[in-house]
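The values are calculated or read from the model by the stated rules, or taken from the named source; none is laboratory data. Only a predicted model underlies this, so the values are computations on that prediction, with no experimental measurement involved. In this analysis, Cβ positions are derived from the backbone assuming ideal geometry, glycine residues included, and neighbour counts consider all displayed protein chains. All accessible areas refer to the heavy atoms of the entire protein, side chains included, with ligands and DNA or RNA removed. Shrake-Rupley method; radii C 1.70, N 1.55, O 1.52, S 1.80 Å.
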Amino acid sequence: MSELLKVTIDGRSIEVPPGTTILQAARQLGGKYPPAMCYYSSLENTGGKCRVCLVKVAQASEANPRPMPKLVASCITRVENGMVVENETNQEVINARNGVVEFLLINHPLDCPVCDQAGECDLQNLSFDHGKENTRYEEGRREFDKIDIGPYVQLHMTRCILCYRCVYAAEQLTNQRVHGVLNRGDVSEISTYIKNAIDNDFSGNIIDVCPVGALTDKTYRFKQRVWFSKPFDAHRECSHCCGKTVLWLKGDNIIRVTARKNEFGEVEEFICNSCRFEKRDISDWIVEGPRKVDQESVIASNKYELPVISPAVNVDAKFVSE
Ligand code: SF4
Ligand code: FES
């Protein structure tokens with residue numbers, strides 16, 4: 001087995017195998033790790049696009065104790081033995097991250113009050129931590145019409161931050177990718193080639209990997225603010241995917257089905273369109289119990305009563321009003 005490499009991040013050290021990136025090491029270390037808007041650990045080649053994960057490398061390695069001259073993207077920079085990294089402890093990093101967020105928001109419509117992603121949007125969370133109250137941008141924002149791409153997904157290009165996650169998800173999860181980034185620079189846009197519809201059994205996963213509300217579930221449109229719905233872990237026998245999902249309930253009705261996400265906001269196991277869009281009867285599922293949600297998220301503002309796990313009838317689990 002190769003030797004482990006020691007890296008110190010914000011004063012705390014961890015040993016990791018060669019090939020580990022700074023972001024992966026920081027996630028393993030726990031605490032405040034750099035944010036990531038384009039990197040997605042289960043999708044190959046992601047990362048290096050959005051720059052929100054910038055960190056300062058104060059010491060490149062034990063052999064080369066000089067600092068790296070510029071901030072580096074932690075999601076694509078590999079750890080060296082003896083590397084010293086500054087994330088939250090370096091004001092230059094925080095300032096750069098604030099600047100990146102300002103850039104990400106240049107063309108964003110800030111329509112969170114009417115966006116289905118609100119409450120579970122990575123850009124909204126990032127803006128909360130690093131955004132400014134007012135924009136300094138005076139030019140017109142890019143505008144696009146909403147496009148239905150396939151039977152289940154709607155594209156709001158105005159909200160897209162061009163992270164490429166959906167492109168890699170379609171490339172790696174489906175057998176025929178029919179959408180991608182067209183054009184370059186500030187005229188780049190996500191589009192389906194010659195108006196092809198995205199219609200593949202795993203296409204719904206592009207909704208889950210999108211960090212903003214650019215790709216939304218047409219079957220869920222405007223049905224409920226996420227913090228008023230009740231998430232439950234559930235599973236079913238499925239011949240296409242793992243069948244493990246989260247059911248989002250309004251009353252006793254399933255209004256949305258998503259894949260399960262881990263603490264980094266990434267899908268644990270991708271699910272098929274049949275589980276996501278077609279199984280909307282509670283009897284289609286074995287309900288395991290209320291989904292644990294991050295206590296700092298807005299979804300947690302409606303807390304559930306626990307324990308309420310009683311299969312088949314646990315849709316009666318209630319949120320406790322404050
Ligand atoms: S549509 Fe979403 S996932 Fe795709 S590039 Fe834009 S922001 Fe990223
Ligand atoms: S998460 Fe590292 S560049 Fe986007």
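Numbers at a glance
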read-out	value
Pairs with Cβ under 6 Å, 6+ apart, first in segment 176-193 and within 18 Å of residue 154 (Cβ to Cβ) and away from ligand 1 (no atom under 12 Å from the Cβ), second open to solvent by 80 Å² or more (accessible area, probe 1.4 Å) and at pLDDT below 85	178/193
Members of segment 207-222 that are within 13 Å of residue 276 (Cα to Cα) and of a type outside the set (Ser, Thr, Tyr)	207, 208, 217, 218
Inter-residue pairs, beta-carbon under 6 Å, first polar (S, T, N, Q) and in segment 49-76, second within 8 Å of ligand 2 (Cβ to nearest atom), 6+ apart	74/23; 74/34; 74/53
Residue ranges of strands (runs of 3 or more DSSP E) in segment 81-196 with at least 3 members more than 16 Å from ligand 2 (Cβ to nearest atom) and modelled with pLDDT under 95	147-149, 153-155, 179-182, 189-192
Residue in segment 45-65 that is away from ligand 2 (no atom under 16 Å from the Cβ), open to solvent by 10 Å² or more (accessible area, probe 1.4 Å), of a type in the set (Ser, Thr, Tyr) and not in a loop (DSSP other than H, G, I, E, B) present	no
Identity of the residue in segment 25-47, of a type in the set (Gly, Ala, Ser) and farther than 18 Å from residue 210 by Cβ, that ends up nearest to ligand 1 (Cβ to nearest atom)	26
Restricting segment 197-211 to residues that are modelled with pLDDT of 95 or more and part of a loop (DSSP other than H, G, I, E, B), the residue that is farthest from residue 295 (Cα to Cα)	210
Subset of segment 73-125 [among the β-branched types (Val, Ile, Thr) and within 16 Å of ligand 1 (Cβ to nearest atom)]	100, 101, 106
Residue match in segment 220-228 (condition: outside any loop (DSSP other than H, G, I, E, B), away from ligand 2 (no atom under 16 Å from the Cβ) and open to solvent by less than 20 Å² (accessible area, probe 1.4 Å))	yes
Matching residues, segment 32-52, being under 12 Å from residue 130 (Cβ atoms) and touching a Ser or Thr at 6+ places or on another chain (Cβ under 9 Å)	34
